[in-house]
Each structure stands twice: as C-alpha cells, then as structure tokens.
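Chemist: Take a look at the following structure, please.
The values are calculated or read from the model by the stated rules, or taken from the named source; none is laboratory data. Keep in mind that this is a model prediction, so the values were computed, not measured. When we count neighbours, we look across all protein chains shown, and the Cβ atoms used for this are built from the backbone with ideal geometry, even at glycine.
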Amino acid sequence: MIATLRGTVTSRELNLEKNSATVVIEVVGVGYEVTTTATTAERFQVGVVDASGESLLHIYHHITEADQRLFGFATAEEKAAFKGLISAHGVGPSLGLAVLGTHAVAQLATILETDDIDALCEVPGVGKKTAQRLLVELKSSLVLPVIDVTTQGGAGDIDLSDGIGNSNNGGLASTIADVREALISLGYSGAEVRTVMADVRTQATEEDATDSGRLLKLALQELGG
C-alpha cells in the first residue's frame with residue numbers, strides 16, 4: 001500500500017466544476033497519477049518543489065476488484081478525514097473527495113455539529129435529500145482529526161457520534177444548533193454563521209454549554225466586530 005509520495009509534480013489538471021484535480025507526481029523516475037481536491041492541487045505548481053526540495057502528498061491507496069486509484073492530500077489530517085468519510089454508508093471516494101474539496105476538516109466538524117444541511121448542499125452533486133442522509137450517516141460514525149486552534153498546533157480527534165468530543169459538548173452541540181437557527185432567522189448567511197460558530201465554539205465555557213442566550217450574545221458580538 002502506498003502511504004505517501006514525495007517527488008516533483010510534473011502535471012496537473014483541474015476540474016473546478018467538481019472541485020477536484022488530477023496531478024502526476026514523479027518519484028525516482030516513476031510518475032504516479034493522483035486524484036486530489038482542486039485546493040490541494042493548487043498548492044503544487046508544476047515543476048516547483050517545496051523548501052525540502054520535493055513535494056509531499058499523503059496518499060490513500062483505494063483498491064477494488066476492478067480498479068486501483070491514488071487519492072492525495074496535503075496533510076495527514078485531510079487523509080484521515082477522507083478515510084472516515086468513505087467509511088460511512090453510501091459515501092464513496094468521489095463523494096468523500098467532493099466534501100473535502102468544498103469544506104476544510106475543521107469546517108466540516110462545525111457543519112456536522114450544527115446540523116448545517118445547507119452547507120452540505122454546497123458539495124457538488126449533493127441535494128437536500130442526500131445532505132439530510134449524509135448528516136445522519138456522518139454524525140453517527142465519523143471521527144474527524146482537527147487542529148486545536150486554542151493551542152495552535154496541537155491535534156485532537158472530534159468524535160461526532162458523541163457530540164463534539166469534550167465532557168460538556170453534548171449540550172454544547174444542541175445549544176450551537178439553536179444559536180445557528182437564531183442567526184439564520186436574523187438574516188445572516190450560512191457562510192457567516194459557520195465562521196462565527198467555529199469561533200464561538202472555541203470560546204465557549206462549560207457554563208455556556210446549555211445557555212443559548214449567552215452564546216447568541218457572543219456570536220452577535222463577533223459578527224459585529
């Protein structure tokens with residue numbers, strides 16, 4: 001099984017409509033065709049290497065009876081999230097890649113915590129009915145690795161089958177959902193709400209976990225600058 005590839009990207013082809021891409025990375029004279037998100041592909045300019053002298057892709061080697069494909073990611077966290085996505089019922093590699101191509105790992109965690117169906121509908125090919133099914137499937141099984149922004153560099157796993165991952169977060173998830181609905185009703189866009197709720201989540205105390213009024217006030221202060 002191929003876990004990483006380090007070499008020179010010799011070609012790339014973007015499919016912005018699907019937010020995906022195909023790159024060829026040459027390793028010791030052998031070119032490997034890798035499917036990535038468009039965001040990942042854009043990090044690697046053809047023939048340009050990083051400070052270490054080479055480009056690195058974290059690889060998920062997908063093998064079926066009929067085919068083998070390599071999926072590449074800029075970070076180990078993205079690769080782990082992809083593996084978690086395709087382990088959910090009804091989520092194949094193409095859909096898993098489309099999800100990560102649309103939403104970063106930390107964003108995805110917030111989307112699932114706040115039941116943001118509209119955000120899942122932003123994924124190419126996902127309608128409201130599919131988004132509702134995905135929300136149920138992913139919340140019941142997905143464990144997302146995310147960067148802990150409060151420690152700037154520490155990493156932890158968010159187990160969405162248990163809420164958010166901390167002792168007070170079962171109540172926090174429900175409270176965040178209430179605050180999100182309130183902000184939407186006030187006319188804020190889905191993108192604005194996702195951004196501010198990600199900030200609020202990192203600032204929330206145990207006392208805030210079941211107090212939607214406190215969290216709403218905090219969110220409005222953030223939105224007001």
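Chemist: Here are some conditions: (1) in a loop (DSSP other than H, G, I, E, B); (2) surrounded by 15 or more Cβ atoms within 10 Å (Cβ to Cβ); (3) in contact (Cβ under 8 Å) with a residue 40 or more places away in the chain. Residue 2 meets all but one. Which one does it not meet?
Modeler: Just one mismatch for residue 2, condition (2).
Chemist: Exactly one of these conditions fails for residue 97: (1) in contact with a strand residue (DSSP E or B) (Cβ under 7 Å, 6 or more places away or on another chain); (2) at pLDDT below 90. Give me its number.
Modeler: Just one mismatch for residue 97, condition (2).
Chemist: When residues of the stretch 7-24 are filtered for being more than 14 Å from residue 97 (Cα to Cα), surrounded by fewer than 19 Cβ atoms within 10 Å (Cβ to Cβ) and β-branched (Val, Ile, Thr), how many remain?
Modeler: Of the residues in the stretch 7-24, 3 are more than 14 Å from residue 97 (Cα to Cα), surrounded by fewer than 19 Cβ atoms within 10 Å (Cβ to Cβ) and β-branched (Val, Ile, Thr).
Chemist: Next question, about the same structure. What is the one condition in (1) modelled with pLDDT under 80; (2) crowded, with 16+ Cβ neighbours inside 10 Å that residue 120 does not satisfy?
Modeler: Of (1) modelled with pLDDT under 80; (2) crowded, with 16+ Cβ neighbours inside 10 Å, only one is false for residue 120: (1).
Chemist: Just wondering, is there one or more residues in the stretch 67-77 that are part of a helix (DSSP H, G or I) and not small (Gly, Ala, Ser)? Walk me through it before giving the result.
Modeler: Keep residues of the stretch 67-77 that are part of a helix (DSSP H, G or I), which gives 76-77.
In the following step, the residues that additionally are not small (Gly, Ala, Ser) were identified as 77.
Scanning the stretch 67-77 turns up at least one residue that is part of a helix (DSSP H, G or I) and not small (Gly, Ala, Ser).
Chemist: Additional query: How many of the residues in the stretch 67-95 are within 18 Å of residue 133 (Cα to Cα) and surrounded by fewer than 22 Cβ atoms within 10 Å (Cβ to Cβ)?
Modeler: The number of residues fulfilling the criteria is 11.
Chemist: For the stretch 98-121, which residues satisfy the criterion of being outside any helix (DSSP H, G or I), more than 8 Å from the chain's Cα centre (by Cα) and free of Cβ contacts under 8 Å to residues at least 60 places away in the same chain?
Modeler: Our first condition is that a residue be outside any helix (DSSP H, G or I); within the stretch 98-121, this holds for 103-104, 114-116, 121.
Narrowing the set further to residues that are more than 8 Å from the chain's Cα centre (by Cα) leaves 114-116, 121.
Selection gives 121 alone.
Chemist: Still on this model: Looking for whichever is in a loop (DSSP other than H, G, I, E, B) and modelled with pLDDT of 80 or more here; the options are 187, 165. Which one fits? Break it down stepwise before answering.
Modeler: Numbers: 165 fails: modelled with pLDDT of 80 or more.
Testing whether each residue is in a loop (DSSP other than H, G, I, E, B) and modelled with pLDDT of 80 or more leaves just 187.
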